[in-house]
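The values are calculated or read from the model by the stated rules, or taken from the named source; none is laboratory data. Predicted, not measured: the structure shown is a model, and the values here were computed from it. Glycine also receives a Cβ, built like all others from the backbone with ideal geometry; neighbour counts cover every protein chain displayed.
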């Protein structure tokens with residue numbers, strides 16, 4: 001039996017400019033505005049009062065709530081008016097007052113958000129940010145330009161991330177934190193000038209990682225940040241000692257790829273001791 005095609009519904013008060021592409025089964029609510037270079041994916045729902053502009057693509061089944069504004073020009077003095085882009089993946093939940101800017105000509109020319117991301121009220125994704133899949137942004141999280149975020153990262157409320165910072169996969173940034181340097185995969189960062197306070201063990205458990213793997217990451221973390229000798233000398237020594245753990249290898253690949261400072265640990269933390 002052939003499944004019936006979903007009906008595309010567009011409220012008569014919505015304004016959709018010529019050239020925009022509206023996917024099958026999409027629902028465009030009251031007073032939405034959609035620019036001429038926008039593509040809205042199949043099954044998307046724009047609840048009401050949503051603005052989508054610029055060269056912007058929204059993936060299938062993403063829901064966008066009132067007063068979100070996506071695809072506006074980057075907040076950068078270096079932007080020269082080029083056709084830079086914003087892409088948002090499938091199955092995202094974008095809540096009220098979220099803002100996302102397109103990229104700049106001096107970087108990727110692209111701002112990108114992955115699949116199944118949850119952006120709560122007031123989240124801002126700055127120009128040229130690259131965000132992975134299954135990322136959670138609590139209310140009023142702000143990413144400066146050129147920030148990179150791995151998969152399954154969780155941001156608490158009112159977090160601010162400085163431009164060019166990388167946040168590794170599975171990390172947790174505690175609410176009210178200001179992140180000024182790269183955060184290792186699976187790390188937990190906290191504070192107005194954030195430092196590592198342990199590992200995101202809860203997140204590691206939720207993604208089904210084994211107890212042995214979690215203990216391996218914890219041991220590598222302690223050896224790296226609290227071991228003997230200078231930090232630079234410890235990197236290769238600890239990496240070699242824990243080379244059999246794939247998660248630890250990913251942590252050290254992240255560290256080696258960095259070109260900017262790394263968020264350091266100021267205490268052993270208790271968040272990583274109960275795995």
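Out of the residues in segment 114-130 that are touching a strand residue (DSSP E or B) at 6+ places or on another chain (Cβ under 7 Å) and in a loop (DSSP other than H, G, I, E, B), state the one that is surrounded by the most Cβ atoms within 10 Å (Cβ to Cβ).
127
So which residues in segment 47-73 are touching a residue at least 24 places away in the same chain (Cβ under 8 Å), in a strand (DSSP E or B) and on the phi < 0 side of the Ramachandran plot, if there are any at all?
If the condition is that a residue be touching a residue at least 24 places away in the same chain (Cβ under 8 Å), in a strand (DSSP E or B) and on the phi < 0 side of the Ramachandran plot, then 55, 56, 57, 58, 63, 64, 69, 70, 72 are the ones that fit.
Being in contact (Cβ under 8 Å) with a residue 60 or more places away in the chain and surrounded by 18 or more Cβ atoms within 10 Å (Cβ to Cβ) is the filter here; which residues of segment 203-214 pass it?
Scanning segment 203-214 gives 204, 214.
Please tell me if residue 219 is in a helix (DSSP H, G or I), over 22 Å from residue 167 (Cβ atoms) and without any contact (Cβ under 8 Å) to a residue 40 or more places away in the chain.
Yes, satisfied.
Checking residue 164 against (1) crowded, with 18+ Cβ neighbours inside 10 Å; (2) out of contact with any helix residue (DSSP H, G or I) (no Cβ under 7 Å at 6 or more places or on another chain); (3) modelled with pLDDT of 95 or more: exactly one of these is not met. Which one?
(1)
Run down 87, 111 and say which single residue is part of a strand (DSSP E or B), in contact (Cβ under 8 Å) with a residue 24 or more places away in the chain, crowded, with 24+ Cβ neighbours inside 10 Å and touching a strand residue (DSSP E or B) at 6+ places or on another chain (Cβ under 7 Å).
111
Within the group 197, 217, which residue is closer than 17 Å to residue 152 by Cβ, surrounded by 15 or more Cβ atoms within 10 Å (Cβ to Cβ) and at pLDDT 95 or above?
One residue alone meets the criteria, 217.
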